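One structure is given here, and the rest of the page talks about it.
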Amino acid sequence: MLLTGEPRPSVLQSSSYDGNKRVPPELALRLTAIRETFEECGVLLGRPNSESLLAPLTANVVQVTDTIEWQARVRSNPLELLDLFIELDCCPDVWSLYEWSNWLTPTKEKRRYDTIFFLTKLDQEPVVICSPTEISEHRWATASEFLNLFTQQRINLLPPQIYEFVRLMEICYFGSLCRVLRKPELRMPLQTKLPCVQNAKDGIIILYPGDELYPKDPESPTETSDLSIEELERSAETVNRMSVDDENNVKVICNLKNFKIINWSSKL
């Protein structure tokens, strides 16, 4: 599960890591994701200690009694999650969380986050108990359905969510994706996406790594072009970007080598 044979994003690196004293980042972030999922949704990803710990394709959901009480306890003290697993004779199902993408907030924002997205597969919808302080509503839907809700302005999505939903929309069978994600020799290395915004004549373009216009220094200030979004698109042979024009037309395009070609657009 600890993939060390390929370049790793900074969020998964630890220069001071000591195998005898610290938890590896790959494990710590998975534990954090499991804790957050339970704290916010009441869904506990765990596996009985009696089961094999070999990497499964499907996550296991452990049934918890007094879920609301345990959510409050974990929210007040994250170490309470350990007590919960001990009481249930289970361990966190870290083996079923697959690395999907890593996003870093653009430099222009005052608060920045280095975030990793994990994917997991469930055989059926679990019971969701939303934390009233964290979530106002939950919904099970496909990537296409979420994008439709966004274009109808019924939900709000941030650019990383739009980009990832467009990627997920192209997936026909999730089980096959999981098989690829757990084999380093089959999947693309995880790369940090630090979006770079460029002003165009008729809107903005958000550039991602691999795009021909992506700056050598992604921490540099926002650039401005006299060309339109369409002209900037035609000027580059290799693209990986999102654009929003003055008429609220949103477009995501990507033709990077070894990536499935993306060309999605909609009007808000």
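Below are the figures for this structure:
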| item | result |
| --- | --- |
| Among the residues listed as E99, E109, E125, the single one being open to solvent by 30 Å² or more (accessible area, probe 1.4 Å) and over 17 Å from L158 (Cα atoms) | E125 |
| Pair list, Cβ < 6 Å and 6+ apart or interchain, from segment 209-230 residues that are within 17 Å of K251 (Cβ to Cβ) and in a loop (DSSP other than H, G, I, E, B) to residues that are open to solvent by less than 40 Å² (accessible area, probe 1.4 Å) and among the β-branched types (V, I, T) | D211/V239 |
| Criterion violated by T115 - all others in (1) open to solvent by less than 90 Å² (accessible area, probe 1.4 Å); (2) among the β-branched types (V, I, T); (3) part of a loop (DSSP other than H, G, I, E, B); (4) modelled with pLDDT of 90 or more satisfied | (3) |
| Qualifying positions in segment 199-234 - within 30 Å of F118 (Cα to Cα) and either open to solvent by less than 20 Å² (accessible area, probe 1.4 Å) or among the acidic types (D, E) (or both) | I205, I206, L207, Y208, P209, D211, E212, D217, E219 |
| Segment 235-261: number of residues that are hydrophobic (A, V, I, L, M, F, W, C), in contact (Cβ under 8 Å) with a residue 40 or more places away in the chain and open to solvent by 10 Å² or more (accessible area, probe 1.4 Å) | 3 |
| Residue within segment 167-179 that is open to solvent by less than 60 Å² (accessible area, probe 1.4 Å) and at pLDDT 85 or above present | yes |
| Selection within segment 218-238 - within 22 Å of K257 (Cα to Cα) and at pLDDT below 90 | P218 |
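The values are calculated or read from the model by the stated rules, or taken from the named source; none is laboratory data. As the structure is a prediction and not an experimental result, all values here were calculated from the model. Reconstructed Cβ throughout: ideal geometry from the backbone, glycine too, with neighbour counts over all protein chains shown. What goes into the accessible areas is simple: the full protein's heavy atoms, side chains included, and nothing from ligands, DNA or RNA. Shrake-Rupley method; radii C 1.70, N 1.55, O 1.52, S 1.80 Å.
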